[in-house]
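The values are calculated or read from the model by the stated rules, or taken from the named source; none is laboratory data. Treat the numbers as computed from the prediction; the structure is a model and nothing was measured. Cβ atoms come from the backbone with ideal geometry, glycine included; neighbour counts cover every protein chain shown. Heads up: the accessible areas ignore ligands, DNA and RNA and are worked out on the full protein's heavy atoms, side chains in. Shrake-Rupley method; radii C 1.70, N 1.55, O 1.52, S 1.80 Å.
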Amino acid sequence: MIKFLDLQKVTQKYSGEIHDAVSRVIDSGWYLQGEENDQFEKRYSEFIGCKYTIGCANGLDALIWIFRAYVEMGVMRPGDEVIVPANTYIATILAITENGLKPILVEPKLNTLEIDEDLIEEVITPRTKAIVIVHLYGRIAYTEKIGALCKKYNLKLVEDNAQAHGCMFKGRKTGSLGDAAGHSFYPGKNLGALGDGGAVTTNDEELAVAIRALANYGSQKKYVFKYMGRNSRLDEIQAAVLDVKLKYLEEDNAHRKMIGKYYIDHINNPHIYLPNTLPEEQNVFHLFPVFCERRDELQAYLTRNGVGTVIHYPIPPHKQECYKQWNELSFPITERIASQELSLPISPVLTIEEAAYVVNVLNKWE
Ligand SMILES: *Cc1c(COP(=O)(O)O)cnc(C)c1O
């Protein structure tokens, strides 16, 4: 059986160093807001190419804190509009509605799977305050046109970089392309912790200071509370683990790219469609999505033949019960992606032999 993602094997790869790092924290007697966070935040800022990294509890919180800080700073007010791709993972949208802001859903392009830059300008209103781009599947979502629209209309550009650690646009890393970015270190992500973790990256000092306080009960000074914040911190053990894994992220991404290229070069089943192929620096292959009209049949066939797959994502946000008010809206491309997408196994530990087996099984399907 080829697992969709063998996390045990992923962790085993750096097992010695990870055990050492965790032991160091255990023995230190210091478990929160210490040297491990300082170190990881510094290294992550260097990696992304930004001034500030603020560790927090998870990727959803990272995105929530960005919008909450903009609200606290007076940049956004409840009821303001935020443009967001309709096919994103629901966390992006939850972060907007959590802050009383209004998500304006925009379709992706079928060949890129990322927000359609040509549909953005027509939904901009005087209440629009931000565009969120989501580098979904590890693929670049930024375009120069989106950057220009943000300038023209004075909008914040927020990146959801949960799936794209290490992805680049013209030599600059995602997470440094806009005003602020939310990152997730959920175990299965390209840079994954051994539990939950997240971070915000930004060059905006005021935003960084506000987020650091918000994620720590709203406090900048011990026992003095500026905001009604929450406890949303990255713990020292996770920071230490992330610091180990960050060293190998480029190597891990190179392996993902090698597997991705192998799939692209060898999948030739006429029933299966792939999204467009991007320049190497613009795709870190967090996932390898393929499309098929008889997707569920294909998934069952692959399961029978020992290949694990996952659908990202079977129900789009506007069809979810939590967003009943949008259930009647129509986003045909988003809905088509939800009904035809299937993610093949890909990871830093999937071997080329395993990829060859997947391709062989896939190409035989009729
Ligand atoms: C994983 C993910 C998140 C949320 O991250 P968590 O750490 O799981 O809270 C947000 N956005 C996208 C696109 C994701 O894939």
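Taking 0.36 nm per intervening residue step and subtracting the Cα-Cα distance, what contour gain separates Glu250 from Asp38 on full extension? Each step should come with its number before you reach the end.
Values: separation 212, 0.36 × 212 = 76.32 nm, distance 2.14 nm.
So the extension gain works out to 74.2 nm.
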So, for the Cα atoms of segment 274-366, Rg and Dmax in Å stand at 15.3, 47
Using a 1.4 Å probe and counting only protein heavy atoms, arrange Lys129, Lys151 so the residue with the most accessible area comes first.
-> Lys151, Lys129
Given the chain reduced to its alpha-carbon atoms as identical point scatterers, what log10 I(q)/I(0) does the Debye formula return at q = 0.06, 0.08 Å⁻¹?
-> -0.22, -0.40
Please report the relative contact order for the chain, taking Cα pairs under 8 Å with a sequence separation of at least 6, and give it as a percent rounded to a whole number.
-> 22
Treat segment 141-188 as a sphere of radius equal to its Kirkwood radius over Cα pairs and apply Stokes-Einstein at 25 °C in a medium of 0.890 mPa s; give the translational diffusion coefficient in µm²/s, rounded to a whole number.
-> 216
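Remind me, relative contact order of segment 266-366 in percent, using alpha carbon pairs under 8 angstrom and six or more residues apart?
On the way: 105 pairs, mean separation 39.5, N = 101.
In percent, rounded to a whole number, it is 39.
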Alpha-carbon spread of segment 289-342, three principal axes, descending order, Å = 41, 19, 15
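With +1 on each Lys and Arg Cβ and -1 on each Asp and Glu Cβ, how big is the dipole of the chain about its Cα centre, in debye rounded to the nearest 20? Can you show the working numbers first?
Numbers: 40 positive and 48 negative charges, 84 e Å.
Result for the chain is approximately 400 debye, rounded to the nearest 20.
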Two-site label geometry, Gln8 and Glu366: point separation in nm, points 7 Å out along Cα→Cβ | 3.8
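Suppose every Lys and Arg Cβ carries +1 and every Asp and Glu Cβ carries -1, with no other charges. What dipole size does segment 258-336 come out with about its Cα centre, to the nearest 20 debye? Show your work: numbers first, answer last.
On the way: 7 positive and 9 negative charges, 35 e Å.
Dipole about the Cα centre, nearest 20: 160 debye.
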Added length on full extension, which subtracts the Cα-Cα distance from 0.36 nm per residue, Asn269 to Tyr217 = 13.4 nm
Among bridges DSSP assigns within the chain, what percent are antiparallel (round to 5)?
-> 60
Based only on the alpha carbon positions, what is the Kirkwood hydrodynamic radius of segment 188-287, in angstrom?
-> 17.0
Spin-label point model (7 Å from Cα, Cβ direction): what's the Thr97 to Asp20 distance in nm?
-> 4.7
Computed D for segment 1-90, Stokes-Einstein, Kirkwood radius over alpha-carbon pairs, 25 °C, 0.890 mPa s, to the nearest µm² per second, is 144
So, how do all the Cα-to-Cα distances of segment 207-366 break down into 10 Å bins, in percent, from 0 on up?
-> 9, 25, 24, 24, 13, 4, 0
Packing-based order for 276-282, 156-162, 17-23, 218-224, using average beta carbon neighbours within 10 Å, highest first = 156-162, 17-23, 276-282, 218-224
To the nearest 20 debye, what charge dipole does segment 210-354 have about its Cα centre, counting +1 at the Cβ of each Lys and Arg and -1 at the Cβ of each Asp and Glu?
-> 880
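Assuming R0 = 35 Å, can you tell me the calculated FRET efficiency for the pair Ser28 and Lys226, based on Cβ-Cβ distance, to the nearest 0.05?
Details: r = 30 Å, r/R0 = 0.85.
Result of the calculation: an efficiency of 0.75.
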Full extension between Met258 and Arg172 adds, at 0.36 nm per residue less the Cα distance, a length in nm of 28.8 nm
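Using helices alone, what [θ] at 222 nm do you get for the chain, with -39,500 (n - 2.57) per DSSP H run of 4 or more residues, divided over all residues and rounded to the nearest 500?
Details: 12 runs with 138 residues, N = 366.
When only DSSP H runs of four or more count, the value is -11500 deg cm²/dmol.
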Given a Förster distance of 41 Å, the FRET efficiency implied by the Cβ-Cβ spacing of Thr351 and Glu205, rounded to the nearest 0.05, works out to 0.35
The relative contact order of segment 116-265, taking Cα pairs under 8 Å that sit 6 or more residues apart, comes to a percentage of 15
Hull volume per residue for segment 24-148, using the convex hull of the C-alpha atoms, in Å³ is 141
Please name whichever of Tyr223, Ala356, His19 sits farthest to the positive end of the charge dipole of the chain, dipole taken about the Cα centre and charges placed at Cβ: Lys and Arg +1, Asp and Glu -1.
-> Tyr223
Once both labels are modelled 7 Å past Cα along the beta-carbon direction, what's the Lys151-Gln325 spacing in nm?
-> 3.5
Normalised Cα Rg of segment 113-167, dividing by 2.2 N^0.38 Å with N its residue count, works out at 1.12
Selection from Leu278, Ala193, Asn253 lying farthest towards where the dipole of segment 190-281 points positive, charges on Cβ | Ala193
How large is the accessible surface per residue of the chain, computed with a 1.4 Å probe and reported in Å² as a whole number?
-> 44
Highest GNM mean-square fluctuation, the chain, Cα pairs closer than 10 Å: which of His266, His318, His286?
-> His266
Rounded to a whole %, the carbon-and-sulfur portion of the accessible area of the chain at a 1.4 Å probe is 52
